[in-house]
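J.: Before I ask anything, let me first share the structure, which is written out below as C-alpha cells.
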Amino acid sequence: MKKNRKTGFTMIEVLVSLALMVIIVGLSAFLYARAARIRKLITYQSNVQNILNSMITEINFGSRDTIGLQYAYDIVRSVGDPPYELGFYDNTKGEYVFYLISPGMYSGHPSSLPTTNTDTSLWQAKTNSSDFPSRTSEEWKLIDINKSIVLASGSSFTYYRPDSTTRFKKIDDLTVETPIAVKIILTGKATDPSLRTRPPITATTMVRPKNKITF
C-alpha cells in the first residue's frame, strides 16, 4: 500500500512568504507616498505661480488704457522705505487705480505694517481721486480673493527713470524724482499649513505707462 504523503507549506515557507509580502506592501506604500508628495509639490508650485502671474496680469492689463506712473511720486510716504505702493491713472474710465502690498488679509483691511510671512497680500483700490486711499478705506479689495497665497518678504515695487549713461536708473527718493517704469517683484507661498515650509516662488515683470514707447 502507498502511504499518504502530507501536502502544504512548511512553517519556514510561510514565514518567508509573509516577510516578502510585508516588504512588497511597505515598498508600495513608500512609493505611493513619495509620488503623492511629488504631485503635491508640483501642484503647489503651479498654483502659486498661477496666482502670482494673475496678480501681475491684473496690474499690467487690468486697465488697457492705463497711464500715469507719474503719479507714483506722491504715494510713498517715507523716503528710504521699500516701495509697497503703486498708482496708475485709467485714461478711458477716468479713475485712479492703486495697488498696495500689505498685511491684513484676514482682517479685511490693509495694515500699516510692512510685509510679513503670515497674511500679506496684494490689494487694489479704484477711486476718482489721485490721493492714495486710506488703509481703512472700503475701496481696498484683495486680488487673491480666495486667500490662497501670502506674499513673503522681498515683494515690492522698484521705480526707475531714464538715465543719460544707462537705460534706467533706480530712484531712491520718490518725493523728488518722477519714475517712468516700475519693476514688480511678488514672492509668494501657499497658505496651506502643510506647505508653508516650502521655498517661496517669485514672479517679476517691468511695467511702463501705456502711452510710452516699449522697452
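J.: Go through the range 21-66 and give me each residue that's within 30 Å of Phe157 (Cβ to Cβ), assigned to a helix (DSSP H, G or I) and of a type in the set (D, E, K, R).
T.: If the condition is that a residue be within 30 Å of Phe157 (Cβ to Cβ), assigned to a helix (DSSP H, G or I) and of a type in the set (D, E, K, R), then Glu58 is the only one that fits.
J.: Within the range 148-157, can you find the residues that are outside any loop (DSSP other than H, G, I, E, B) and surrounded by fewer than 18 Cβ atoms within 10 Å (Cβ to Cβ)? Outline the logic, then answer.
T.: Kept after step one, since they are outside any loop (DSSP other than H, G, I, E, B), are these residues of the range 148-157: 149-151, 156-157.
Across the range 148-157, there are no qualifying residues.
J.: Which one of these does Leu174 not meet: (1) under 19 Å from Gly104 (Cα atoms); (2) hydrophobic (A, V, I, L, M, F, W, C); (3) in contact (Cβ under 8 Å) with a residue 40 or more places away in the chain?
T.: Result: Leu174 fails condition (1) only.
Yes or no, residue by residue, for (1) assigned to a strand (DSSP E or B); (2) under 16 Å from the mean Cα position of the chain (by Cα); (3) over 18 Å from Asp192 (Cα atoms):
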position	(1), (2), (3)
Thr92	no, no, yes
Val97	yes, no, yes
Ile101	yes, yes, yes
Gly108	no, no, yes
Ser111	no, no, yes
Asn117	no, yes, no
Lys126	yes, no, yes
Ser134	no, no, yes
Asn146	no, yes, no
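J.: Answer yes or no: is there a residue in the range 164-182 that is β-branched (Val, Ile, Thr), under 16 Å from Ile56 (Cβ atoms), at pLDDT 85 or above and out of contact with any Lys or Arg (no Cβ under 7 Å at 6 or more places or on another chain).
T.: Within the range 164-182, one or more residues are β-branched (Val, Ile, Thr), under 16 Å from Ile56 (Cβ atoms), at pLDDT 85 or above and out of contact with any Lys or Arg (no Cβ under 7 Å at 6 or more places or on another chain).
The values are calculated or read from the model by the stated rules, or taken from the named source; none is laboratory data. Keep in mind that this is a model prediction, so the values were computed, not measured. Note: ideal-geometry Cβ built from the backbone for every residue, glycine included; neighbour counts use all protein chains shown.
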